[in-house]
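The values are calculated or read from the model by the stated rules, or taken from the named source; none is laboratory data. Here the structure is a predicted model, which is why all the values come from computation and not from measurement. All Cβ positions, even for glycine, are placed from backbone atoms using ideal geometry, and neighbour counts span all protein chains on display.
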Amino acid sequence: MNTIFKHIKGEDILVKVKAKRDTGFWQYQLLGILSLFIENGNDYFIITDKRIILSVKDEIKVNAVYNDFSKININTKSDILSFQDQNNKVKKISLAAIKLEYDDYQYLKSKF
């Protein structure tokens, strides 16, 4: 999470989704029942007043600057977020890398 704050220092957070990271199949097979008690961490999806950040497994996958918050759209069925970048080109981001729950989708629908 500290790496995210380095990128968004001085920006206002408009949308923040914190998704619990799942235990992968191979992790579960290797660690067995102990994997249920291991802290797996969180993935983050953050939209500030200037940029969109998607962090998966403590690594920033997307750090995109956008033009207008009102032109950001999300398709909750396909987990695709579309926005206009600085050059007014439509860009799309897949949110499938993080496990969004029902409450997360409702929160995102209320924001867009």
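Data for the structure
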read-out	value
From the options K57, K61, K91, residue that is touching a residue at least 24 places away in the same chain (Cβ under 8 Å) and in contact with a Gly (Cβ under 9 Å, 6 or more places away or on another chain)	K57
Checklist (1) over 15 Å from the mean Cα position of the chain (by Cα); (2) at pLDDT 90 or above applied to K92, failing item	(1)
Candidates N63, N67, filtered to the one that is under 14 Å from the mean Cα position of the chain (by Cα) and of a type in the set (S, T, N, Q)	N63
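Residues checked against (1) under 17 Å from the mean Cα position of the chain (by Cα); (2) at pLDDT below 85; (3) assigned to a strand (DSSP E or B):
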{"residue": "L14", "(1), (2), (3)": "yes, no, yes"}
{"residue": "K18", "(1), (2), (3)": "yes, no, yes"}
{"residue": "T23", "(1), (2), (3)": "no, yes, no"}
{"residue": "Q27", "(1), (2), (3)": "no, yes, no"}
{"residue": "I74", "(1), (2), (3)": "yes, no, yes"}
{"residue": "S78", "(1), (2), (3)": "yes, no, no"}
{"residue": "N88", "(1), (2), (3)": "no, no, no"}
